[in-house]
Amino acid sequence: MLKWWQETVFYEIYMPSFKDGNGDGIGDFKGLREKMPYLAELGIGGIWLTPFYPSPKVDNGYDVSDYCAVDPDYGTMADLEAFVAEAHAYGIRVIADMVVNHVSTEHAWFMESRSSKANAKRDWFVWQDAPNNWESFFGGSAWEWDAGTQQYYYHSFAKEQVDLNWRNEEVRSEIWKVFDFWLAKGLDGFRLDVINNLTLTRNFPDNPVDASGEQVHVFDKDQPGMTEMMAEIGARIRARGDYFTVGEISSDKLEEIEKYAGMDGLDVTFNFNFGSVPSRDEIVAELARMQRVYVDGRMPTLFFGSHDMSRSWNRLADGREDVAQLLAMLMLTAHGVPFIYFGEELGMADFVPESLDEMRDVQGVYAYEQALMAGKSEVEALMLAQDKTRDKARAPMTWPEGFSDGAASWISQVTPDFERARRMYRFYQALIALRKTADFCEPGYRYFEADGEFLMYIRGDYLVCLNFGEARTISNAWGNVTEVLANMALVFDSETIVLPANAAVIFKI
Ligand code: TEU
Ligand code: CA
């Protein structure tokens, strides 16, 4: 018996950018509800919402100032509840982003903690008299001086995102309450933000530095006790019911990612080894590695985009529709839990801010400031920031009727191509419909071949051929096959199948 999430195609919604419902230029629950028919027609079965909790939005909601409320930009608690009920009526489940590694410096817990060394919540965060060499994942020191109490606090991301001390039992029991609060609201599970970064020890050895002078994050993640902590989190949530957990492990190394996925930990973890590769040259080899590692019913995740990386249209598909469809076919037919990033099903392209003014992402702005401090020119600094900024994937959804019916959107839009969007959408729709059939949900592959830049596998009664390389002709070992879906016109008979470069095809065998 498969679990519901093993048969679900998920869809990531970046809250401020999906659909504005009240004309202030920021996406919200009202807009989201208007678009439920669109999502239902696409065929997805699960939505991952990025953080919607009250937040000063230094990192767009990943700096939470109240875990058990809804940010007014997105609506009210009643709006959230109405949205979840409506999603359920469409047969779509909803998982929430849980950012429990850190809170906003404006969270009441931290305001208390920093009020004095004697405060009861002092130990809820990580305070030290002297910093070590740890760098924040956004760059710069991970320690910030607090003049009021004359100590440094630890922040693995922006200085406005302060890390919780997970060694503290009171902290853990508060977080368990937060999980319970949202499950009681009817949510179907969680996406756990940077969950292997939790601070579990009181040892702070300096991180090593590699040959190029870059810090290697060794001691500030995967700390001793992490496997047990992940098991505890997974077990607590499972004990409440049939919920789903997907962990964001801050690593792109398969060994570090897969060890937390499975019944003794979280259900699945994000496979950045596959999803965030810089070019499509590595995709075939990564899928082959995952095929060997995920056995005994464990599943990897399949995605090519998120709010943290350049859109796959630019990064992997070179702006080509046939390649974008090749990627879509892989993501929606291979063994794993697929996550579509909103807009990908329309072939949306990156937005590249042309000035600092247009830049919204804290990571891009940090990169700019640090480049200037290192003596770079403004032009050089802008180029570095354009490389780092995650704004690329955060432009608002290009709806035919517009994103907002009022004010300009919170971040610039990209030029839409509605013809392309229609073709891409239909292709995704066809793939998702197929993915729902038993053939594509069964664990593993009936046959699997990864030959350099070519992939061929059988799922149920379907043969999938994905050509990431030059044209090739393969012999047809299955004889009388029927073409079900392809991204280009193909020539084949009962003896050979001709596959041009970038060809993607599903045959019924
Ligand atoms: O991302 C964690 C993470 O690993 C990325 O921030 C990564 O360091 C960066 O994208 C490299 O380019 C999660 C969220 O997805 C991200 O949006 C948050 O900014 C971050 O955690 C902090 O909460
Ligand atoms: Ca709005």
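The values are calculated or read from the model by the stated rules, or taken from the named source; none is laboratory data. All of these numbers come straight from a predicted model, not from anything done at the bench. With ideal geometry, Cβ positions are generated from the backbone for all residues, glycine too; neighbour counts draw on all protein chains shown. Heads up: the accessible areas ignore ligands, DNA and RNA and are worked out on the full protein's heavy atoms, side chains in. Shrake-Rupley method; radii C 1.70, N 1.55, O 1.52, S 1.80 Å.
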Could you tell me whether region 11-28 includes any residue that is outside any helix (DSSP H, G or I) and more than 15 Å from ligand 2 (Cβ to nearest atom)?
-> yes
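Working carefully through the options A367, A381, find the one that is within 16 Å of ligand 1 (Cβ to nearest atom), open to solvent by less than 30 Å² (accessible area, probe 1.4 Å) and in a helix (DSSP H, G or I).
Working: A381 fails: within 16 Å of ligand 1 (Cβ to nearest atom).
Answer to the selection: A367.
Residues being open to solvent by 30 Å² or more (accessible area, probe 1.4 Å) and either part of a loop (DSSP other than H, G, I, E, B) or assigned by TED's automatic domain parsing to the domain that holds C68 (or both): count how many of those fall in region 113-131.
Taking region 113-131 as the starting set, the residues that turn out to be open to solvent by 30 Å² or more (accessible area, probe 1.4 Å) are 114-121, 123, 128-131.
Then keep just the ones that are either part of a loop (DSSP other than H, G, I, E, B) or assigned by TED's automatic domain parsing to the domain that holds C68 (or both); that gives 114-121, 129-131.
So the count comes out to 11.
Looking at this structure, is E286 acidic (D, E), more than 16 Å from ligand 1 (Cβ to nearest atom), under 22 Å from R167 (Cβ atoms) and surrounded by fewer than 22 Cβ atoms within 10 Å (Cβ to Cβ)?
On the way: acidic (D, E): yes; more than 16 Å from ligand 1 (Cβ to nearest atom): yes; under 22 Å from R167 (Cβ atoms): no; surrounded by fewer than 22 Cβ atoms within 10 Å (Cβ to Cβ): yes.
Here the answer is no, as E286 does not meet what is asked.
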Please go through region 51-107 and pick out each residue that is outside any strand (DSSP E or B), among the aliphatic types (A, V, I, L, M) and within 16 Å of ligand 1 (Cβ to nearest atom).
-> V58, V64, V99, V100
Hey, any hits in region 448-467 for a residue that's more than 26 Å from the chain's Cα centre (by Cα), outside the structural domain of E344 (by TED's automatic domain parsing), more than 28 Å from Y11 (Cα to Cα) and open to solvent by 70 Å² or more (accessible area, probe 1.4 Å)?
-> no
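If only one of D252, D242, D210 is open to solvent by 50 Å² or more (accessible area, probe 1.4 Å) and either closer than 24 Å to K185 by Cβ or not assigned by TED's automatic domain parsing to the domain that holds G305 (or both), which one is it?
On the way: D252 fails: either closer than 24 Å to K185 by Cβ or not assigned by TED's automatic domain parsing to the domain that holds G305 (or both); D210 fails: either closer than 24 Å to K185 by Cβ or not assigned by TED's automatic domain parsing to the domain that holds G305 (or both).
That would be D242, the only listed residue that is open to solvent by 50 Å² or more (accessible area, probe 1.4 Å) and either closer than 24 Å to K185 by Cβ or not assigned by TED's automatic domain parsing to the domain that holds G305 (or both).
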If you take the residues of region 196-207 that are open to solvent by 60 Å² or more (accessible area, probe 1.4 Å) and touching a residue at least 24 places away in the same chain (Cβ under 8 Å), which of them is farthest from V246 (Cα to Cα)?
-> D206
Of these, E345, E419, which one is open to solvent by less than 20 Å² (accessible area, probe 1.4 Å) and either more than 16 Å from ligand 2 (Cβ to nearest atom) or in a loop (DSSP other than H, G, I, E, B) (or both)?
-> E345
If you go through region 214-235 one residue at a time, do you hit one that is in contact with a helix residue (DSSP H, G or I) (Cβ under 7 Å, 6 or more places away or on another chain) and closer than 26 Å to G452 by Cα?
-> no
Number of the exception - R292 against (1) touching a residue at least 24 places away in the same chain (Cβ under 8 Å); (2) out of contact with any strand residue (DSSP E or B) (no Cβ under 6 Å at 6 or more places or on another chain) = (1)
Count of region 464-509 residues which are closer than 19 Å to Y428 by Cα and of a type in the set (D, E, K, R) = 2
Which condition number in (1) more than 16 Å from ligand 1 (Cβ to nearest atom); (2) outside any helix (DSSP H, G or I); (3) surrounded by fewer than 23 Cβ atoms within 10 Å (Cβ to Cβ) is the one that W410 fails?
-> (1)
Region 268-289, subset touching a strand residue (DSSP E or B) at 6+ places or on another chain (Cβ under 9 Å) and polar (S, T, N, Q), residue farthest from D451 (Cα to Cα) | T269
What pairs come up if the first residue lies in region 78-106 and is within 16 Å of ligand 2 (Cβ to nearest atom) and open to solvent by less than 10 Å² (accessible area, probe 1.4 Å), the second is of a type in the set (D, E, K, R) and not in a loop (DSSP other than H, G, I, E, B), and their beta carbons are under 8 Å apart, counting only those six or more places apart or on different chains?
-> F83/R33
Number of the condition not met by L32 [criteria: (1) within 16 Å of ligand 2 (Cβ to nearest atom); (2) in contact (Cβ under 8 Å) with a residue 12 or more places away in the chain; (3) loosely packed, with under 15 Cβ neighbours inside 10 Å] = (3)
Out of the residues in region 7-45 that are under 24 Å from A261 (Cα atoms) and in contact with a strand residue (DSSP E or B) (Cβ under 7 Å, 6 or more places away or on another chain), state the one that is farthest from ligand 1 (Cβ to nearest atom).
-> G45
What pairs can you find where one residue is in region 137-160 and at positive phi, the other is surrounded by 18 or more Cβ atoms within 10 Å (Cβ to Cβ) and in a loop (DSSP other than H, G, I, E, B), and their Cβ atoms are less than 9 Å apart, with a gap of 6+ or different chains?
-> G140/K159
